[in-house]
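Everything on this sheet refers to the single structure shown next.
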Amino acid sequence: MLFSCILMYNNNFGDNMFNKHEEINIYCDESCHLEYDGQRAMVFGSIRYPKQKVQELSKSIRELKKKHFIYPFAETKWKTVSKSKEDFYLELLDLFLNTDDLKFRAVVFQNKDLHKLEHNIHNQTYEDWYYKMFYVTLEKIIDKDNFYNIYLDRKNINSSQKIHTLENYLSKRAKILKIQEVLSHQSELIQITDFLTGIISYANRDAIKLPDANKTKVKLVETLKSKTNLSLITSTPLSADKVNIFIWEPNYYE
């Protein structure tokens, strides 16, 4: 039922972002996704990039790691951000900002609104809703003029049916060549999705205001805010595609 309601939300996402009939890879991850983890905000994030350029970008990320004396195939994650590697993470953020056609979208849900989800009314479980939020994350960044490969960070070995349902609904909006789960350590672009999703999550959490906040994480938040002129805590226009943010509320489709 919730999918049907979401499909009624038909604002355009601006002009096509890529050339006609290009094959685009999309990588998805989330932050603070557990139902009762005590965090203020849950964030669903996605990176998209032309498939033909993925290998070159992945190589650039590995070269950046080597420059900072990090094993090139070591997994980069937001939770590992620390002062000792601050220069690496700042350069990784610059790499994203300076790479043409590399786009990021985040959907933010405030956990204070968990009680408004009304799973019983929508005949869904929390896990069902979790995958519906990936539909919300992806629906505005796909179109019928391109082809898409979608990769989600693997979280649950029993999620194949929900991914199949997600694919069916997305296929109504665009040509989906494949949608599958991958292990994050196998994909540099999943890792940079985790990194950017973490920045948006931290900007929307109470932890950033605490005296013992991770100073490097705070610096990354402030750097992204400064270089994009975005607050990171409010929705951007749908036409903003380098960094697009949507603050989702349970009743937005009503």
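The values are calculated or read from the model by the stated rules, or taken from the named source; none is laboratory data. Note that the structure is a prediction, hence the values are computed from the model and not measured. Note that we place each Cβ from the backbone using ideal geometry, even for glycine, and neighbour counts take in every protein chain shown. Accessible surface is based on the protein model in full, side chains and every heavy atom, while ligands, DNA and RNA are left aside. Shrake-Rupley method; radii C 1.70, N 1.55, O 1.52, S 1.80 Å.
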Looking at 83, 51, 65, which is the one that is under 24 Å from residue 219 (Cα atoms), open to solvent by 90 Å² or more (accessible area, probe 1.4 Å) and modelled with pLDDT of 95 or more? 83
Name the pairs whose Cβ atoms lie under 7 Å apart, with the first residue in segment 80-107 and closer than 21 Å to residue 52 by Cβ, the second small (Gly, Ala, Ser) and open to solvent by 10 Å² or more (accessible area, probe 1.4 Å), and 6 or more positions between them or separate chains? 95/60
From 217, 172, residue being charged (D, E, K, R) and closer than 23 Å to residue 142 by Cβ: 172
Unmet criterion (only one of (1) in contact with a Lys or Arg (Cβ under 8 Å, 6 or more places away or on another chain); (2) open to solvent by 10 Å² or more (accessible area, probe 1.4 Å); (3) at pLDDT 95 or above; (4) under 24 Å from residue 100 (Cα atoms)) for residue 71: (4)
List pairs: first in segment 158-186 and over 17 Å from residue 24 (Cα atoms) and of a type in the set (A, V, I, L, M), second surrounded by fewer than 15 Cβ atoms within 10 Å (Cβ to Cβ) and at pLDDT below 90, Cβ under 6 Å, 6+ apart or cross-chain? 183/154
Let me confirm something: among 233, 245, which residue is surrounded by 19 or more Cβ atoms within 10 Å (Cβ to Cβ), at pLDDT 95 or above and not aromatic (Phe, Trp, Tyr)? 245
Residue pairs qualifying under the 8 Å Cβ cut-off, at least six apart or on distinct chains, with the first in segment 194-223 being more than 27 Å from residue 183 (Cβ to Cβ) and open to solvent by 50 Å² or more (accessible area, probe 1.4 Å) and the second being in a loop (DSSP other than H, G, I, E, B) and charged (D, E, K, R), are 206/40
Quick check on my filter: what residues within segment 202-231 are in contact with a strand residue (DSSP E or B) (Cβ under 7 Å, 6 or more places away or on another chain) and under 17 Å from residue 90 (Cα atoms)? 228
Could you list, in sequence order, all residues of segment 150-169 that are within 29 Å of residue 93 (Cα to Cα) and modelled with pLDDT of 90 or more? 150, 151, 152
Residue that is nearest to residue 44 (Cα to Cα) [pool: residues in segment 155-176 that are outside any helix (DSSP H, G or I) and open to solvent by 80 Å² or more (accessible area, probe 1.4 Å)]: 155
Checked segment 98-109 for anything under 17 Å from residue 46 (Cβ atoms) and open to solvent by 10 Å² or more (accessible area, probe 1.4 Å); matches are 99, 101, 103
Given (1) part of a helix (DSSP H, G or I); (2) β-branched (Val, Ile, Thr); (3) under 17 Å from residue 246 (Cα atoms); (4) open to solvent by 10 Å² or more (accessible area, probe 1.4 Å), identify the lone condition not met by residue 142. (1)
Check 148, 202 and return the single one that is under 19 Å from the mean Cα position of the chain (by Cα) and not in a helix (DSSP H, G or I). 148
